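A short write-up of the structure that comes next.
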Amino acid sequence: MYLNDVLIMGFIGKEPQRTQADSGRVYTDFSVCEDAHGYKDDKGQWHENTQWHRVRAWAGLAEHAAGFKQGAHVLVKGRIRYFDYEADGATQP
């Protein structure tokens, strides 16, 4: 049995970008910022640990997400998908 489910709550970082793929399917990309678990260092100073997540919504959800505005508070439920990319001639995870 496997589970790949994620909930992210945060704020949209910039205006969502709606795109149509070569296949004709519509998707919308946007980023979500979450201020996850701050911490104190050895000197007692507080540090925020801000995390950014790239989100891609497909089909009907893409149409809905395209209407989001920068700074909107959102809750995203989905699955995590990882991609490899090539940089300086080497494949990076």
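The values are calculated or read from the model by the stated rules, or taken from the named source; none is laboratory data. All figures in this text were calculated on a predicted structure; none of them were measured in a lab. Please note: Cβ atoms are built from the backbone with ideal geometry, for glycine as well, and neighbour counts cover all protein chains shown.
Kindly check whether there is at least one residue in the range 36-45 that is surrounded by 10 or more Cβ atoms within 10 Å (Cβ to Cβ) and at negative phi. Yes, the range 36-45 contains at least one residue that is surrounded by 10 or more Cβ atoms within 10 Å (Cβ to Cβ) and at negative phi.
Scan the range 70-93 residue by residue and report those that are under 17 Å from I8 (Cα atoms) and small (G, A, S). Correct list: G71, A72, G78.
Answer with yes or no whether F11 is hydrophobic (A, V, I, L, M, F, W, C) and loosely packed, with under 12 Cβ neighbours inside 10 Å. No: the conditions fail for F11.
For D22, the criteria (1) surrounded by 10 or more Cβ atoms within 10 Å (Cβ to Cβ); (2) acidic (D, E); (3) out of contact with any Phe, Trp or Tyr (no Cβ under 9 Å at 6 or more places or on another chain); (4) assigned to a loop (DSSP other than H, G, I, E, B) hold in every case but one, which is (1).
When each of F11, F30 is tested for being among the aromatic types (F, W, Y) and over 13 Å from G78 (Cβ atoms), the lone residue that passes is F11.
Within the range 4-19, is there a residue that is without any contact (Cβ under 8 Å) to a residue 24 or more places away in the chain and touching a helix residue (DSSP H, G or I) at 6+ places or on another chain (Cβ under 9 Å)? Yes, the range 4-19 contains at least one residue that is without any contact (Cβ under 8 Å) to a residue 24 or more places away in the chain and touching a helix residue (DSSP H, G or I) at 6+ places or on another chain (Cβ under 9 Å).
For the range 54-69, the criterion of being closer than 11 Å to G10 by Cα, without any contact (Cβ under 8 Å) to a residue 60 or more places away in the chain, surrounded by 10 or more Cβ atoms within 10 Å (Cβ to Cβ) and hydrophobic (A, V, I, L, M, F, W, C) is satisfied by no residue at all. Scanning the range 36-93 for residues that are assigned to a strand (DSSP E or B), hydroxyl-bearing (S, T, Y) and either within 26 Å of G24 (Cα to Cα) or touching a helix residue (DSSP H, G or I) at 6+ places or on another chain (Cβ under 7 Å) (or both) returns a single hit, Y85. Counting only residues that are over 12 Å from G10 (Cβ atoms), within 13 Å of the chain's Cα centre (by Cα) and modelled with pLDDT under 95, the range 20-53 holds 0 of them.
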